[in-house]
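Peer 1: Once you've had a glance at the structure underneath, I'll fire off some questions.
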Amino acid sequence: MVDFRYHLVSLVAVFLALSVGIILGAGPLQNSIGEALSGEVSSLRDTNMSLKADNEALKAMKEHQEVALLDASPLIIGGTLSGSNVAVVVLPGTPKETVDSAVELIGESGAKVSGVVAINSVWTEAKQTSFRSAFAEQIKSYITNVGDTNDINTILALALNQIVRNGSTHESNKTLFDLMSASEQPMISVKSGVDKPAQAIVVLTPDNDATGTSKEKKDAETEAQADYDVKTFSSLVSTLTSKSPTVVAGAANSKNDIVVVVRTAGTDVSTVDSIDSATGLINIPLAVAAELSNKTVHYGFGDTASKVLGDRIVVPAPQPAPAS
């Protein structure tokens, strides 16, 4: 059994050590400790101010470089796509400013944007599965070369391809276009045009990180929907590129980004990443020119890109169809 005197000695030792610490802290060590802490705080404050100044300088430099590159864009892309028609397909969640900037740069290349088509959320929403199944069956007879496939996503992709490749006013597309765009739950919303046949398609994809969907904690239903969106739109890209030249452009900053997915899968489609930058926007028409020259390219800053800035390729203007 431990003696009472042992506890008493232990308590005395604790209080003695505490008293010595208080005396030293309030006496001879007070100034040295205070001065040391003040020096550390002052040094950290100076470092923080210096880093802030450096950051502001770098941001200003980046903005100037972006402006300079955009000012030089006519020299880089001007005349590369003269006479070509390019359709733009916009996936859900893509910001309007991104679409407007991409359309502007495609126009600078000499191409005509034959139409801007936005895909609506009903294309992939889980609660609309039954509707999509019935809708696919309804439009199937208006799609040429659809074969015997019953896959909903393939039928929808072929319908979109037929509309943008041949133009909405083409005789075979009039009913199909109305069903896709003017029904009670339209699969697509037409922002402009789509009346002329397109030689190439640019698919613009959203930045998942910018919308927070890749950072927020997701429930099982949201996660399943996100996975289905990626698979469906990756399949859409594969179908489009199997028919004619197609370029997919996006942020490519997460593993579920469509650009990263199709690059990783080895899909034979040209891609552009970092389209929130001047370099990314300029790369879009350069990638289209490469596609129209039977080349598959991957431009941008991402790890899966093969080149930061694309090559300047001048595509011969399409020859008009002979008069019948």
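Peer 1: Can you give me the % of accessible surface on region 154-270 that is carbon or sulfur? Probe 1.4 Å, all protein chains present, nothing else counted. If you can, show how the numbers build up before the last one.
Peer 2: Working: 2530 of 5160 Å².
About 49 percent, which is the carbon plus sulfur part of the accessible surface.
Peer 1: Straight-line reach from residue 52: which lysines have Cα under 16 Å away, leaving out those fewer than 8 places along the same chain?
Peer 2: The qualifying lysines are 62.
Peer 1: How much area per residue is accessible in the chain when the probe is 1.4 Å and only protein heavy atoms are counted (Å²)?
Peer 2: On the way: 17740 Å² over 324 residues.
For the chain, the per-residue accessible area is 55 Å².
Peer 1: For region 34-136, with equal point scatterers placed on the C-alpha atoms only and solvent neglected, what are the log10 I(q)/I(0) values from the Debye formula at q = 0.12, 0.21, 0.23 1/Å, to two decimals?
Peer 2: For region 34-136 at q = 0.12, 0.21, 0.23 Å⁻¹, log10 I(q)/I(0) is -0.70, -1.08, -1.15.
Peer 1: For the chain, what Kirkwood radius comes out of the mean inverse Cα-Cα distance, in Å? All intermediate terms of the calculation are to be shown ahead of the outcome.
Peer 2: Details: mean 1/r = 0.0429 Å⁻¹.
Taking every pair of different Cα atoms in the chain, averaging 1/r and inverting gives 23.3 Å.
Peer 1: Could you give the angle, 0 to 90 degrees to the nearest 10, between helix 96-108's Cα long axis and the longest principal axis of the Cα atoms of the chain?
Peer 2: Taking Cα atoms only, the helix is inclined about 50 degrees.
Peer 1: With a cap of 16 neighbouring Cβ atoms within 10 Å, and only residues DSSP puts in a loop, list the trypsin sites (Lys or Arg not before Pro) found in region 191-290. Before the final figure, lay out the partial values.
Peer 2: Details: sites: 191, 215, 217, 218, 231, 243, 255, 263; in loops: 215, 217, 218, 255.
Those that pass, being in a loop and sparsely packed, are 215, 217, 218, 255.
The values are calculated or read from the model by the stated rules, or taken from the named source; none is laboratory data. Nothing here was measured: the structure is a model prediction, and the numbers come from that model. Every residue, glycine as well, gets a Cβ built from its backbone with ideal geometry; the counts of neighbours run over all protein chains shown. Heavy atoms of the whole protein, side chains included, go into the accessibility calculation; ligands, DNA and RNA do not. Shrake-Rupley method; radii C 1.70, N 1.55, O 1.52, S 1.80 Å.
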